[in-house]
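Chemist: Got a structure here, written out as structure tokens. Questions coming.
Computed from the coordinates by the stated procedures, all read-outs in this text should not be read as laboratory data. These figures come from a predicted structure and were not determined experimentally. FYI the Cβ positions are ideal-geometry reconstructions off the backbone, even for glycines, and counts take in every protein chain you see.
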Amino acid sequence: MKKMFLFTTLILIILGLPEVFSAAAVLYQLNVETAFTDPYPVEPGQNLVLSLTLSNSGNADATGVIIELEAIEPFTLLESSKKTIGTVKVGSSRIIDYQLFVDGSAVSALYEIPVRVKYGVGKEIIKRVQVRVQGKPKFEILDVSSGIISPGDQEEVIVTLQNVGTGKAKRTSVTFSSTSDYVKSVLSGGIAYLGDVNPGEEKETIFTILASPDSEYGVYTGKVNVTYDDESGDELTEDFDVGILISGKPKLQVYKVEVDREDSALTVEIVNIGNAEAKAIAAKLIVNDKIFDVDYVTGIKIDRRSTLKFSLPSSAGGKLELSYEGPDNKKYSQTEDLAWSVTPTIPGWLILIIVVVIAYFVWKKKLWKRIF
């Protein structure tokens, strides 16, 4: 009877062992994973908040819980790596936040950060939580340069761009357009393809433009549009305003020289045949290699005329020395030969009087009969 009791007890113990082991295996079932990151995705060179979810899906409360985050490159932990949670009840979860910094040289990728969870007596789990780092491209214009562009010129404009962002720009294309009818891109000269542009990389784009012959000195506004895909494949675009300087230069020409005997004056009419306004014009009349007289004109616009007035010299010719300013106060000078008549011009009214006097004399003396 005693042997039968022991045998029965042994059978019951053996049959109950799987349940005992099973219960022990699920007694503490803790899990840790990424809840979210702020921002998402995080850019290189930024701070972020990494929020972890610690949950208990076992059949007993987990006590003495300590969670420890192991920061790996390119991450730097900005606070203590260990946090004491205490108790995580069955079926519940806790949110744990960590402040981190991502190094500015980090490559865009999905990183896994080790997390160690200790609980109970000598129990421990190690998990890897995920953080996505993704750079963001961003462009800036470093320089806009060209040769001297005059009205009517076709010229290349070089625009230097730099990706100052943290991510690669893919399939990058650049277009130039003008907001003025006086500056236009020439055919396909307003489109450039750059391909991939890495962070920190500089690239030049060359556009061919035509300045209208009717344009005047000034800065004309154009737009540079940069279109590219970021590392997620999203298409982005950026617009920049650029200035195109139309320069040109003035050129003066003597149009007419006249002698005014009544006022004993010499007038010289000059015209601006250049493609920019002439300003602060100083004119010197040179006779026998000496300055005879001087006159000034404030400015002459394109295709406009102005008159210089000097005292009348006794000689029949001389030189006209002109000095003036163009755009950006650039100095210009030129010398023109002048010639004029020294023979006195008889006024019309005086000629009429002479004719009348002669006619009267002929009629009075009856000389007309002898003549005819």
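Chemist: Note the angle between two axes, namely the Cα long axis of helix 2-25 and the longest principal axis of the Cα atoms of the chain, as a number of degrees from 0 to 90, rounded to the nearest 10.
Modeler: Rounded to the nearest ten degrees, it is 10.
Chemist: For helix 348-364, report the angle its Cα long axis makes with the longest principal axis of the Cα atoms of the chain; keep it between 0 and 90° and round to the nearest 10°.
Modeler: That helix lies at roughly 20 degrees to the long axis.
Chemist: Compute the distribution of all C-alpha to C-alpha distances in the chain, in bins of 10 Å from 0, and list the percent of pairs in each, rounded to whole numbers.
Modeler: That works out to 4, 14, 12, 11, 10, 10, 8, 7, 6, 5, 4, 3, 2, 2, 1, 1, 0, 0, 0, 0, in percent per bin.
Chemist: Taking H as built 1.01 Å from N, whose amide H comes closer than 5 Å to the amide H of residue 247, not counting residues under 5 places away?
Modeler: 149, 150
Chemist: Build a GNM of the chain with springs between Cα atoms under 10 Å: which of 64, 200, 326 gets the top mean-square fluctuation?
Modeler: 64
Chemist: Along the range 160-168, what does the Karplus equation 6.51 cos²θ - 1.76 cosθ + 1.60 (θ = phi - 60°) give for ³J(HN,Hα), rounded to whole Hz, x for Gly and Pro?
Modeler: Result, ordered by residue: 9, 10, 9, 7, 8, x, 10, x, 6 Hz.
Chemist: Additional query: Within 10 Å of each residue's Cβ, count the other Cβ atoms and sort 84, 160, 37 from fewest upward.
Modeler: Details: 84 9, 160 14, 37 19.
Least to most surrounded, the residues fall as 84, 160, 37.
Chemist: Here's a follow-up. Under 10 Å, Cα contacts only: if you run a Gaussian network model on the chain, which one of 353, 96, 281 comes out with the highest mean-square fluctuation?
Modeler: Checking each option, the largest mean-square fluctuation is seen for 353.
Chemist: Quick check on my link table: of 223/251; 223/331; 203/251; 127/168; 249/309; 256/331, which ones sit more than 28 Å apart, alpha carbon to alpha carbon?
Modeler: 223/251; 223/331; 203/251; 127/168
Chemist: If you wrap a convex hull around the Cα atoms of the range 27-133, how much volume per residue is inside, in Å³?
Modeler: In the range 27-133, the Cα convex hull volume per residue is 79 Å³.
Chemist: Moving to a separate point now. Could you give the nm distance between label points at residue 329 and residue 125, where each point is 7 Å from its Cα heading toward the beta carbon?
Modeler: 7.7 nm
Chemist: So for the chain, averaging the separation of alpha carbon pairs under 8 Å that are six or more residues apart and normalising by length, what relative contact order in percent results?
Modeler: Averaging sequence separation for qualifying contacts and normalising by length gives 9 percent for the chain.
Chemist: Moving to a separate point now. Specify the residue with the greatest mean-square fluctuation among 56, 275, 163, computed from a Gaussian network of the chain linking alpha-carbon atoms under 10 Å apart.
Modeler: Largest GNM mean-square fluctuation: 56.
Chemist: At a Förster radius of 56 Å, what calculated FRET efficiency corresponds to the Cβ-Cβ distance of residue 356 and residue 208, to the nearest 0.05?
Modeler: 0.15
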